Structure formats: C-alpha cells, structure tokens
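Q: Sharing a structure below in structure tokens format, with a few things to ask.
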Amino acid sequence: VYLASIGEMKKALPLYAALVENGDREDQVWAHMGISSAYELSRPFDAPAENRKALAIDPRFIMAYQNIGSEEAFSLSHPGAALSAFRQTLSLFNHVDGQMSAQARAILQINTSANVAYLIGDFQTAVAQYAVTASLPDYAFIVETARMQRADCLALLHDFGGAHDAWANIPVASGLNSAATSYPAIRIESDAALQDWSSVLADRASAEPALA
C-alpha cells in the first residue's frame with residue numbers, strides 16, 4: 001500500500017498479486033482493490049472488474065463499490081453503472097463499518113451522496129455536498145476532486161461567475177493519483193457548460209497525453 005501511495009505501482013502490483021494468491025480473505029479483498037487503484041492510472045477499463053473480484057470475496061466491502069462508482073462515472077463515463085454502485089455504497093454505510101477509519105468514512109459518505117446528486121442532475125445539492133466534502137480532512141485525494149466537481153456543477157447550473165471563481169482557486173491536478181486522472185474530463189465538461197469552446201479545445205489537447 002505504501003509503494004502504491006507514492007506512485008510506485010510497478011513495484012506494488014507483484015506484491016498485490018502475491019496477496020491475491022496466498023493471503024487470507026481480508027488480504028485478498030484489499031489486494032484486489034489495490035490492483036484496481038493501479039489500473040485506474042494505467043488500464044482504466046480493467047479497474048471495475050478488479051473491484052468486482054473483491055466483491056466476489058466480500059459482497060459488503062464498501063470501498064469496492066465506491067471505487068467502481070468513481071471509475072464508471074469519471075473514467076469510463078458510464079453513469080448508470082456508477083449510480084448503481086454509489087447507491088449500493090450508501091446503503092452499506094447504514095449496515096457495516098466498511099473496514100475504514102472514521103476520517104475515511106466521514107469524507108466518503110458525504111462525497112458519495114454528492115456523486116449521486118451529480119449523476120441524477122441535482123446540481124444544487126451536489127454543489128453543497130461537494131463543498132462539505134472539500135472542508136473535511138482528506139482521504140485518497142477526495143478533497144481535490146470534490147473541489148473540481150463543485151466547480152463543474154456550478155458551471156452546469158450556468159453560474160458562470162461562481163464556476164470561474166471556483167476554478168481560479170484550483171490548481172491543475174498533476175501526478176499519479178485519482179484527482180489528476182479525473183481533472184481533464186471534469187474540466188472539459190465544465191468549460192463546455194460555460195460555452196468556453198476555445199478552452200474546450202485547449203483542454204482536449206492537454207488531456208490527450210494524460211489519457212493515452
């Protein structure tokens with residue numbers, strides 16, 4: 001997990017694979033999720049399937065549903081599959097602890113609610129809930145992504161001034177992390193909603209190397 005957290009995915013993947021083969025049930029579940037997180041950065045189409053392998057072992061593993069929702073929504077543009085996964089995440093929050101810290105649980109729960117609101121087009125609610133998300137102690141780059149999603153929802157509400165102000169305070173996400181991989185698609189959608197077509201073209205040009 002440490003190697004993955006500092007971007008050393010090539011070194012982390014063999015260790016995850018060994019845990020899948022030889023670890024106990026809990027090790028296998030978390031190893032599949034670790035592999036999926038690595039795939040988000042290099043093989044995004046394969047990431048949801050890896051999380052589903054974790055769910056085959058533990059159908060109540062909240063983090064796998066959360067990851068599937070994010071992957072389907074923000075990497076693969078499959079809103080129906082994403083909405084189903086996020087709703088299952090919220091349902092499980094009411095019944096299990098999710099094998100996560102209190103800090104992770106707090107931010108994941110409100111962020112998942114915001115994602116559901118975004119996917120069903122309730123952008124006012126999403127703006128408010130992403131703002132709460134961004135105010136919490138971070139976990140897995142969620143704060144950075146929530147700030148971008150809030151700016152995007154303001155654009156989708158045609159609050160052009162609010163969206164421009166929000167984006168002006170958000171640096172371009174970079175590095176090997178989920179916020180950086182989400183940034184190009186979120187920014188393109190936002191600039192299109194703002195009818196800023198020159199920026200859309202510039203966004204596309206800058207996004208192509210990141211998404212290749």
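The values are calculated or read from the model by the stated rules, or taken from the named source; none is laboratory data. Everything numeric here is computed off the predicted structure, so don't read it as measured data. Here the Cβ is made from the backbone with ideal geometry for all residues, glycine too, and neighbour counts use every protein chain on show. The accessibility values were calculated without ligands, DNA or RNA, using every heavy atom of the protein model including side chains. Shrake-Rupley method; radii C 1.70, N 1.55, O 1.52, S 1.80 Å.
Q: Can you give the accessible area of Ser37 in Å² (nearest 10), computed on protein heavy atoms with a 1.4 Å probe?
A: That residue has around 40 Å² of solvent-accessible surface.
Q: Once fully extended, how much extra length lies between Val132 and His78, figured as 0.36 nm per residue of separation less the alpha-carbon to alpha-carbon distance?
A: 16.9 nm
Q: How much accessible surface area, in Å² rounded to 10, belongs to the heavy atoms of Arg52 with a 1.4 Å probe?
A: 110 Å²
Q: Skip the ligands, DNA and RNA, and give the accessible area per residue of the chain with a 1.4 Å probe, whole Å².
A: Computed with neighbouring chains in place, this is 49 Å² per residue.
Q: Order Thr112, Thr145 by their accessible area, 1.4 angstrom probe, all chains in place, largest first.
A: Heavy-atom accessible area, descending, gives Thr145, Thr112.
Q: Rounded to the nearest 20 debye, what is the charge dipole size of the chain about its Cα centre when +1 sits on each Lys and Arg Cβ and -1 on each Asp and Glu Cβ?
A: Using Cβ point charges on Lys, Arg, Asp and Glu, the chain gives about 220 debye.
Q: Is region 78-170 rounded, prolate or oblate when judged by the Cα gyration tensor, a ≥ b ≥ c being the square roots of its eigenvalues, rounded requiring a/c under 1.5 and prolate requiring a/b larger than b/c?
A: oblate
Q: Here's a follow-up. In sequence order, what are the phi-derived ³J(HN,Hα) couplings for region 89-95 according to the Karplus relation 6.51 cos²θ - 1.76 cosθ + 1.60 with θ = phi - 60°, rounded to whole Hz, with x for glycine and proline?
A: Each residue's phi maps through the Karplus curve to give 4, 5, 4, 5, 4, 7, 10 Hz.
Q: Could you tell me which residue out of Ser77, Ile110, Ser190 lies farthest along the dipole of the chain toward its positive end? Charges go on the beta carbon: Lys and Arg +1, Asp and Glu -1, centred on the Cα centre.
A: Of the candidates, Ile110 comes out farthest on the positive side.
Q: Where is the GNM fluctuation largest for the chain (alpha-carbon springs, 10 angstrom cutoff): Trp30, Trp167, Trp197?
A: Of Trp30, Trp167, Trp197, the most mobile in the Gaussian network model is Trp197.
Q: Separate question: Which value, in Å² and to the nearest 10, is the accessible area of Met100 when all protein chains are kept and the probe is 1.4 Å?
A: 40 Å²
Q: Additional query: Whole Å is fine, so just give me how far the alpha carbon centre of region 183-197 lies from that of region 107-181.
A: Measuring centre to centre over Cα atoms gives 14 Å.
Q: Lys and Arg at +1, Asp and Glu at -1: add these up for the other residues within a Cβ distance under 11 Å of Ala192 and post the number.
A: Every neighbour counted, the sum reads -3.
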